[in-house]
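The values are calculated or read from the model by the stated rules, or taken from the named source; none is laboratory data. Owing to the predicted nature of the structure, the values given are computational and were not obtained by experimental measurement. Neighbour counts are summed over all protein chains in view; Cβ atoms, including those assigned to glycine, are modelled from backbone coordinates with ideal geometry.
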Amino acid sequence: MNAPVAPPAVAEAVIDPRSYAEWTPALDLFDRLRAEGPVTRIESPTGEHEPFWLVTSYDEVMRISKDNATFLNAPRATVFTNKQGEAFARQVTKSQGEESPNLVSSLVVLDAPKHPKLRRLTQEWFMPKNLRSIEESIRELAARTVDRLVAAATGPDGQPAVVDFVPLVAAPYPLHVVMQILGVPEEDEPRMLFLTQQMFGGQDEELNKSGLAAMTPDQILQIVTGAVADFEAYFEGMAAQRRANPTGDVATILANATVDGEPISARDRAGYYIIVAAAGHDTTSASTAGAMLALARDPEQFARAKADRSLIPGIVEEAIRWTTPVQHFMRTAACDVEVGGVQIKAGDWLMINYVAANHDPAQFPDPRRFDASRPANRHAAFGAGAHQCLGLHLARLEMRLLFEALLDRIDSIELAGEPRRAKSTFVGGLKTLPLRITAH
Ligand code: HEM
């Protein structure tokens, strides 16, 4: 079967970061494409992007994710980028001695045999059993975060003041947790945030404060190369400290890590820190804000959760599906292969779209409804297979502890304006969520 080729306007909508700021039209678009078939060919109307296969059905997204021998992460960019972005990454990495289409060498851009060896180093650390050792400190952080929210939500006259939940709670809370795990002291957090923004140059000008959008390619090359070097230097310093004074954190594991009897390289270590830092905050921030939006819109669901805390894990899981913070990853076909009846050639690029998969009505009845008691909520938001999210237990734990703390203090939530979403093809979600809250 020949896959449908998207008309130019549809291809443009899939590629354009602005489309993802308009949630309902984006979901409508994926529904229309999926109805025609699980795979659609996207050819960039301007020629700025390489063509790719967009995969929109839950079954095919899961099948591709689990078949890591046929669908590789390494050969081409793992996150959707334009030709210029990939050429840029190749230029930077070549100057560092190992040319790659991805700027940073981290778990998500590696395949076997190296990937499982590096992943194994921290896999145990991220399991629920070990996370219990940091649960108390996350609970304290959640309580402090809610204290701040409650203080801001009460105006000087004692009446509810409008607060923006995203910068006040959803963004700083997961960032702080992940920095604690990496051993970055609080005073260095802004520097880490700035470095990740410089490296990943967000697509939303309001969120990307590094100013890259206004620079020439040569200036950007210099800044990003500098940011990579800064990261490596920072984390090599930290690794030296941890070797001298080991603790139980991820920084200590990576400081002493060996693979095949050899210490891991500074570049692999920096990549590891960067992926954990980058993957661990915007994502959980988006699902946290999404859960709060759902509760604000549905006072009955909020009241039920307040009366029965055992409903919180269901709220957390549904929020992760409903928001799908990581909107896609890319794969490259290792050989000729059929996907959803369509012939894909070796070397072809595929976009596994988690937003489309998580809104596939064949898997999730009434997919746009937020339903915390959805049975067997086996969503695709954490991916599947060898690269399945390493931090998924941590993300769930963080969210559960935050919502326990929120439900302890908050009596009512009301939307106080239109929430706005980020313009981003990759990690999406709310960038503002104005609320009126009453609390005690
Ligand atoms: C709601 C929050 C989160 C979502 C939706 C999410 C989603 C994802 C997805 C879709 C992948 C790729 C899966 C695949 O290719 O099959 C991934 C990988 C990853 N995530 Fe998460 N993530 C979240 C939170 C976190 C947190 C809190 C951390 C760590 C502190 C983290 C660390 C990672 C790492 C290290 C990888 C790469 C794993 C690998 O390639 O082997 N994530 N995540």
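Please state which of the following conditions residue 98 fails to meet, knowing it meets all the rest: (1) more than 30 Å from residue 249 (Cα to Cα); (2) away from the ligand (no atom under 16 Å from the Cβ).
So the condition that residue 98 fails would be (1).
Got a number for residues in region 391-440 being in contact with a helix residue (DSSP H, G or I) (Cβ under 7 Å, 6 or more places away or on another chain) and assigned to a loop (DSSP other than H, G, I, E, B)?
10
Could you check residue 288 against (1) farther than 28 Å from residue 110 by Cα; (2) within 15 Å of the ligand (Cβ to nearest atom); (3) surrounded by fewer than 24 Cβ atoms within 10 Å (Cβ to Cβ) and say which number it fails?
Looking at each condition in turn, residue 288 falls short on (3).
When you go through 239, 277, 229, 270 one by one, which is the residue that is at pLDDT 90 or above and assigned to a helix (DSSP H, G or I)?
Unique residue meeting the criteria: 239.
Which of the residues that make up region 118-129 are in a helix (DSSP H, G or I), within 14 Å of the ligand (Cβ to nearest atom) and surrounded by fewer than 14 Cβ atoms within 10 Å (Cβ to Cβ)?
120, 123, 128
Checking residue 177 against (1) within 16 Å of the ligand (Cβ to nearest atom); (2) of a type outside the set (Phe, Trp, Tyr); (3) under 30 Å from residue 90 (Cβ atoms), which test does it fail?
Condition (3) is where residue 177 drops out.
Looking only at residues that are part of a loop (DSSP other than H, G, I, E, B) and of a type in the set (A, V, I, L, M, F, W, C) in region 147-194, which one is nearest to the chain's Cα centre (by Cα)?
Residue satisfying both the conditions and the ranking: 171.
Just give me the residues in region 248-285 being among the aliphatic types (A, V, I, L, M) and farther than 21 Å from residue 109 by Cβ, in sequence order.
251, 255, listed by residue number.
Please enumerate the residues belonging to region 353-369 that are of a type outside the set (Gly, Ala, Ser) and either assigned to a helix (DSSP H, G or I) or out of contact with any Leu (no Cβ under 9 Å at 6 or more places or on another chain) (or both).
Across region 353-369, the qualifying residues are 354, 355, 358, 360, 361, 363, 364, 365, 366, 369.
Mind checking which residues of region 243-264 are outside any helix (DSSP H, G or I) and either away from the ligand (no atom under 16 Å from the Cβ) or among the β-branched types (Val, Ile, Thr) (or both)?
Correct list: 245, 246, 247, 256, 258, 259, 260, 261, 262, 263, 264.
Please work out if residue 362 is away from the ligand (no atom under 16 Å from the Cβ) and either at positive phi or surrounded by fewer than 19 Cβ atoms within 10 Å (Cβ to Cβ) (or both).
Yes: the conditions hold for residue 362.
When only residues in region 265-281 that are over 12 Å from residue 184 (Cβ atoms) and near the ligand (Cβ under 9 Å from one of its atoms) count, which is farthest from the chain's Cα centre (by Cα)?
Result: 272.
Report, ordered by the first and then the second residue, all pairs with beta carbons closer than 7 Å, sequence separation of six or more or different chains, a first member in region 60-74 that is closer than 17 Å to residue 355 by Cβ, and a second member that is assigned to a loop (DSSP other than H, G, I, E, B).
From residues that are closer than 17 Å to residue 355 by Cβ, the pairs are 60/38; 60/340; 61/380; 62/380; 62/384; 65/383; 65/384.
Report yes if some residue within region 374-396 is at pLDDT below 95, more than 16 Å from the ligand (Cβ to nearest atom), of a type outside the set (Asp, Glu) and within 15 Å of the chain's Cα centre (by Cα); otherwise report no.
Among the residues of region 374-396, not one is at pLDDT below 95, more than 16 Å from the ligand (Cβ to nearest atom), of a type outside the set (Asp, Glu) and within 15 Å of the chain's Cα centre (by Cα), which makes the answer no.
Between residues in region 321-339 that are at positive phi and residues that are at pLDDT below 95, which pairs lie under 8 Å by C-beta distance while being six or more apart or on different chains?
Note: pairs meeting the criteria are 324/428.
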